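In what follows, a structure is listed as structure tokens, so that the remarks can point back to it.
The values are calculated or read from the model by the stated rules, or taken from the named source; none is laboratory data. Keep in mind it's a predicted model, so treat the numbers as computed, not measured. Note that each Cβ is placed from the backbone with ideal geometry, even for glycine, and that neighbours are counted across all protein chains shown.
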């Protein structure tokens, strides 16, 4: 089974969010199941591409409206990844030191056209094309409707929605850049009077998936304007929970950690990592350590943190460490708290991969009060490292975390609110004082299996079902 994933991100090449982790793991686990799974992505000017060498395996030009652009397909000269990654190099558009910008219409439209142009030339074409998010949302339409790609229209195209809040909207004055098609079918590109790549993908893809079953259910009632479309296309829509790459996220072998450990040595291992964090940030290692890792955006509920942290730190003998960046107002308010709560609170504004791993290993509790959480990987990472999640009951968090009071292993609250965050922290502080149950829970959650093997198998079954039903 030959599968090609097309994505703007792929770990460890280029990562902005969870999309990269999925695309960097799913092909690997599909290959372990006997598939031939690879990735097509843009060639960026970043740390990864500067550190490695590439060879050109294809050269051509694409036409974006009235403008021609040179492009190459590049491949790594060494086997540093566990699957093939093919890079679309368009120097005039894609080769930048960032993944996304404020105006990416031409960049990602050119990327999608170049990817399909190259696939056209392959002797052995993919049996399935798997697109990820709106950056590849026009591929299902072009493969189905554009005259130049007519030989590809029998290849099933799957679209995975990682986050429906972002849809890639652009105005009709860009329409002439889309490879020629029958204008009677222009409605397949349209949603509410504007070109909407994600909506087009939902209409034209053979199957539509989301990254958790609960998120698919939630999108039927709250999808940033696409609710009725998803309900109309529900027969081909399914939610498949993301997995964790257990080779990357493994406390036994993780090279970032101060001390490695497994479930039977969780107490000593976590304590060593916690002491390292507490030493670096001047915390008391005897106190419960709460942490947040992620983007400081409204979806994550991070705007609630300044008030919630202020109340929680006043009312509880705890430490809080935050790693993330995003909204400047939130960043500023979180920085101000550092002066008031020295020795109890700190924030690293930015992102540091090493630090994130040590936080997963050293923290006692991980906060995820998300307003929107399609799947969430952080709660799965925290389980893997024996850190107890505190989550809102939504999306993938709802599918993966069961409350302590329901014979579960985390703390679950209903609303994205300061009150609910503070109440959950108080519950966790009380639980922390029961050392026997705390130790038992840490060991238990490390043994929960959220590996990609099961999820990859579900995708393989989905692909196979397409050939039977369409």
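The single residue among 283, 305 that is over 25 Å from the mean Cα position of the chain (by Cα) and either closer than 15 Å to residue 345 by Cβ or at pLDDT 95 or above (or both) turns out to be 283. Looking across 282, 274, 300, one residue alone is buried (at least 17 other Cβ atoms within 10 Å of the Cβ), out of contact with any helix residue (DSSP H, G or I) (no Cβ under 8 Å at 6 or more places or on another chain) and either touching a residue at least 60 places away in the same chain (Cβ under 8 Å) or under 21 Å from residue 334 (Cβ atoms) (or both). It is 300. Checking the structure you have, find out if any residue of the stretch 402-417 is under 18 Å from residue 296 (Cα atoms) and in contact (Cβ under 8 Å) with a residue 40 or more places away in the chain. Taking every residue of the stretch 402-417 in turn, at least one turns out to be under 18 Å from residue 296 (Cα atoms) and in contact (Cβ under 8 Å) with a residue 40 or more places away in the chain. Could you say whether any residue in the stretch 379-386 is part of a helix (DSSP H, G or I), modelled with pLDDT of 95 or more and farther than 30 Å from residue 161 by Cα? The answer is no, given that none of the residues of the stretch 379-386 is part of a helix (DSSP H, G or I), modelled with pLDDT of 95 or more and farther than 30 Å from residue 161 by Cα.
Taken residue by residue, the stretch 166-181 has no member that is more than 21 Å from residue 228 (Cα to Cα) and within 26 Å of the chain's Cα centre (by Cα). Assigned by TED's automatic domain parsing to the domain that holds residue 394, under 23 Å from residue 320 (Cβ atoms) and part of a helix (DSSP H, G or I): is that true of residue 275 in this structure? Yes, satisfied. Kindly indicate whether any position in the stretch 68-75 is in contact with a helix residue (DSSP H, G or I) (Cβ under 8 Å, 6 or more places away or on another chain) and under 21 Å from residue 201 (Cβ atoms). No, there is no match, as no residue in the stretch 68-75 is in contact with a helix residue (DSSP H, G or I) (Cβ under 8 Å, 6 or more places away or on another chain) and under 21 Å from residue 201 (Cβ atoms). The residue that is nearest to residue 24 (Cα to Cα), counting only those in the stretch 439-454 that are touching a residue at least 60 places away in the same chain (Cβ under 8 Å) and touching a strand residue (DSSP E or B) at 6+ places or on another chain (Cβ under 9 Å), is 452.
Within the stretch 182-204, how many residues are over 26 Å from residue 151 (Cβ atoms) and more than 28 Å from the chain's Cα centre (by Cα)? The total comes to 1.
Of 20, 8, all but one fail to be without any contact (Cβ under 8 Å) to a residue 40 or more places away in the chain, assigned by TED's automatic domain parsing to the domain that holds residue 101 and either assigned to a helix (DSSP H, G or I) or surrounded by 20 or more Cβ atoms within 10 Å (Cβ to Cβ) (or both); the exception is 20. Listed by first and then second residue, the pairs linking a residue in the stretch 242-258 that is within 16 Å of residue 355 (Cα to Cα) to a residue that is part of a loop (DSSP other than H, G, I, E, B), with Cβ atoms under 6 Å apart and 6 or more places separating them unless they lie on different chains, are 251/261; 251/385. Criterion first (closer than 22 Å to residue 25 by Cα, touching a residue at least 40 places away in the same chain (Cβ under 8 Å) and in the same structural domain as residue 40 (by TED's automatic domain parsing)) does residue 165 satisfy it? The answer is no for residue 165. On the stretch given as the stretch 40-67, residues that are buried (at least 18 other Cβ atoms within 10 Å of the Cβ) and touching a helix residue (DSSP H, G or I) at 6+ places or on another chain (Cβ under 6 Å) total 4.
A single entry from 299, 267, 280, 335 fulfils the requirement of being assigned to a helix (DSSP H, G or I) and in contact with a strand residue (DSSP E or B) (Cβ under 7 Å, 6 or more places away or on another chain): 335.
Rundown of residues vs (1) assigned to a loop (DSSP other than H, G, I, E, B); (2) over 19 Å from residue 462 (Cα atoms); (3) assigned by TED's automatic domain parsing to the domain that holds residue 119; (4) in contact with a strand residue (DSSP E or B) (Cβ under 9 Å, 6 or more places away or on another chain), yes/no style:
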{"position": "12", "(1), (2), (3), (4)": "yes, yes, yes, no"}
{"position": "16", "(1), (2), (3), (4)": "yes, yes, yes, no"}
{"position": "31", "(1), (2), (3), (4)": "no, no, yes, yes"}
{"position": "34", "(1), (2), (3), (4)": "yes, no, yes, no"}
{"position": "39", "(1), (2), (3), (4)": "no, no, yes, yes"}
{"position": "49", "(1), (2), (3), (4)": "no, yes, yes, yes"}
{"position": "56", "(1), (2), (3), (4)": "no, yes, yes, yes"}
{"position": "59", "(1), (2), (3), (4)": "no, yes, yes, yes"}
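Conditions (1) closer than 20 Å to residue 299 by Cα; (2) assigned to a helix (DSSP H, G or I); (3) not assigned by TED's automatic domain parsing to the domain that holds residue 287, marked per residue:
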residue	(1), (2), (3)
321	yes, no, no
346	no, no, no
351	yes, no, no
354	no, yes, no
357	no, yes, no
367	yes, no, no
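So, in the stretch 418-470, how many residues would count as being assigned to a loop (DSSP other than H, G, I, E, B) and buried (at least 16 other Cβ atoms within 10 Å of the Cβ)?
The qualifying residues number 1.
So is residue 329 under 27 Å from residue 15 (Cβ atoms), crowded, with 19+ Cβ neighbours inside 10 Å and at pLDDT 95 or above or not? So residue 329 fails the test. Residue by residue through the stretch 387-407, note down the ones that are surrounded by fewer than 24 Cβ atoms within 10 Å (Cβ to Cβ) and part of a loop (DSSP other than H, G, I, E, B). Across the stretch 387-407, the qualifying residues are 393, 402, 407. Here is the figure for the stretch 101-127: residues that are touching a residue at least 60 places away in the same chain (Cβ under 8 Å), surrounded by fewer than 16 Cβ atoms within 10 Å (Cβ to Cβ) and in a loop (DSSP other than H, G, I, E, B) total 2.
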